[in-house]
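The values are calculated or read from the model by the stated rules, or taken from the named source; none is laboratory data. Because the structure is a prediction, the values reported are computed rather than measured. Accessible surface is based on the protein model in full, side chains and every heavy atom, while ligands, DNA and RNA are left aside. Shrake-Rupley method; radii C 1.70, N 1.55, O 1.52, S 1.80 Å.
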Amino acid sequence: MKKSIAALGLLSLGACASPYVGTPYTAPAVPVTSVGIVDDTLPDEAIAYEAASTMGNFGLLGALIDAGVQDSRKDRVNEALASVNHTPEATFEAHLIGALADAGIKGAMLQGPDREKRAFLEKYPVAPAGAQALIDFNVTGYGYVNAGNQMWRPTVAADVKMVDAATGKTLMENRIVYNPVDAQAGIVTLAPNPEFVFQNREDMISQPERLAEGIDDALKQVADAAVRLMK
């Protein structure tokens, strides 16, 4: 049960929680035109969680459906995604590099290290030659959520940090959540795309292509929002 609560808590930033305080972008003396992107941006599996209510902070909600039911639903959803060879991390990273290019920033993925937990890395790899900054993009959770007996919709929670490659100074840090259960003050909140809504679990797993498209669409919107913060 603790595992289920922890996973859903990544996407439920309750009104009772303290406001999130990010670091607005501080432009260096020379505009950033080349960055390295830290690897291991996404967790291995999608979530698929349901809560009976959206009232209050999720840590106090006590309204999660039985953990066994939650895990079974998650497994079925991930099996459906695997059946269409869903590769969300590769799709997300490719879109992030493209979004950066559209903003005049050349981005390149760095090799390793994998995260021991879904948090910013404590030590960053050496930046490639010419890179002025490193981007630590940590998606803490992604998948589908049903809150308050509503429909199932994609959801993503991510923390993003941009640091100066030479000094290690934080140039920007923020949190972005697509379709949060309870929005926390101070975070960047994105509304879900109405095109990707499912009635129930059977509706989701019977349409694996559309299920995957909903996740990819949400991840792309989060990537776009992050690039807008880097200006």
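Results, tabulated for the structure shown:
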{"read-out": "Phi to ³J(HN,Hα) by Karplus 6.51 cos²θ - 1.76 cosθ + 1.60 over segment 219-231, Hz, x for Gly, Pro", "value": "5, 5, 5, 5, 4, 4, 5, 5, 5, 5, 6, 8, 9"}
{"read-out": "Top of Gly148, Gly36, Gly68 by mean-square fluctuation, Gaussian network on the chain, Cα under 10 Å", "value": "Gly68"}
{"read-out": "Calculated [θ] (222 nm, deg cm²/dmol) that DSSP helices of n ≥ 4 give over the chain, each run adding -39,500 (n - 2.57)", "value": "-9500 deg cm²/dmol"}
{"read-out": "Over 20 Å between alpha carbons, listed pairs Lys161/Lys231; Lys106/Lys231; Lys123/Lys220; Lys117/Lys231", "value": "Lys123/Lys220; Lys117/Lys231"}
{"read-out": "Long-range amide H partners of Thr155 with built H, under 5 Å", "value": "Gly143, Tyr144, Val145"}
{"read-out": "Rounded accessible area of Arg118 (nearest 10 Å², 1.4 Å probe)", "value": "70"}
{"read-out": "Full-extension gain in nm, Asp164 to Ser206, via 0.36 nm per residue minus C-alpha separation", "value": "10.6 nm"}
{"read-out": "Cα point-scatterer Debye curve for the chain, base-10 log of I(q)/I(0) at q = 0.18 Å⁻¹", "value": "-1.33"}
{"read-out": "Stokes-Einstein D for segment 99-231, Kirkwood Rh over Cα pairs, 37 °C, 0.692 mPa s (µm²/s)", "value": "201"}
{"read-out": "Cubic angstrom per residue, convex hull over Cα atoms of segment 67-112", "value": "114"}
